[in-house]
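These notes concern the structure reproduced below.
The values are calculated or read from the model by the stated rules, or taken from the named source; none is laboratory data. None of these values were measured; they are calculated from a predicted model. Neighbour counts are summed over all protein chains in view; Cβ atoms, including those assigned to glycine, are modelled from backbone coordinates with ideal geometry. In case anyone asks, the SASA skips ligands and DNA or RNA and just uses the protein heavy atoms, side chains included. Shrake-Rupley method; radii C 1.70, N 1.55, O 1.52, S 1.80 Å.
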Amino acid sequence: MTELTKEDKEIPSCKYEYLDHTADVQLHAWGETLEEAFEQCVEAMFGYMTEIDKVEILEKHDIEAMGEDIQSLLFHLLDEFLFLFSAEPFFIARKVKITSFDRENFKISATGFGEMFNLEKHPQGTEVKAITYSNMQVHDTVNMHEVFVIIDI
């Protein structure tokens, strides 16, 4: 297991919110860059699944995702992290850092910092069944970088 640095354990400020949506939940995340908005969106998903402040940064897991366009790239990023939670190792990230973002070829690499999900420690929130493309939006402008994603709960 790789040793975590002090920087690895720093928690970013919250830049996401939950919006009501019929039978589902819409994640709205933003940041100073599109990368930060993507990171915040993954953190928002995990925050909906448990009380995220109870998750300690004890280990990290790397993922890679590919897409055909920017929306499918966001979809696959979220889906890869959802898979890490739903199957071995049942990992829940408190913080996500994008390490590589290729906008031309729609490839992304990211690291999740957190720990194994444990019902004795982490209150179970709402189960996320799937990521959807329904009304997915990615806005990348000079003044604001934000994403909207509906998750199936």
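Between LYS54 and ASN135, the FRET efficiency from the beta-carbon distance, with R0 = 30 Å, is close to 0.50.
Along the range 130-136 the Karplus relation, 6.51 cos²θ - 1.76 cosθ + 1.60 evaluated at θ = phi - 60°, assigns HN-Hα couplings of 6, 8, 10, 8, 4, 6, 5 Hz to successive residues, with x for each Gly and Pro.
Toward the positive end of the charge dipole of the range 25-152, with +1 on the Cβ of Lys and Arg and -1 on the Cβ of Asp and Glu, the farthest Cα among ALA93, VAL147, ALA110 is that of ALA93. Placing THR50, THR33 in order of accessible area, with the largest value first and a 1.4 Å probe, yields THR33, THR50.
In the elastic network of the chain, a GNM with C-alpha springs shorter than 10 Å, the most mobile of LYS15, LYS60, LYS121 is LYS121.
Below 26 Å, Cα to Cα, which lysines can LYS6 reach? Residues fewer than 8 away in the same chain don't count. Filter leaves LYS15, LYS54, LYS60, LYS95, LYS97, LYS121. Going 7 Å from the Cα of LEU4 along its beta-carbon direction, which residues of the range 86-105 have the amide nitrogen within less than 18 Å of the resulting point? Output list for this probe position: 89-99. As a ratio to 2.2 N^0.38 Å, the alpha-carbon radius of gyration computed for the chain takes the value 0.97.
Here GLU68 and CYS14 are evaluated by their C-beta separation; at R0 = 25 Å the FRET efficiency comes out at 0.25. A Förster distance of 41 Å, applied to the separation of the beta-carbon atoms of LYS121 and ASN143, puts the FRET efficiency at 0.55.
Separation of the range 20-85 and the range 123-153, taken as the distance between their Cα centroids, equals 8 angstrom.
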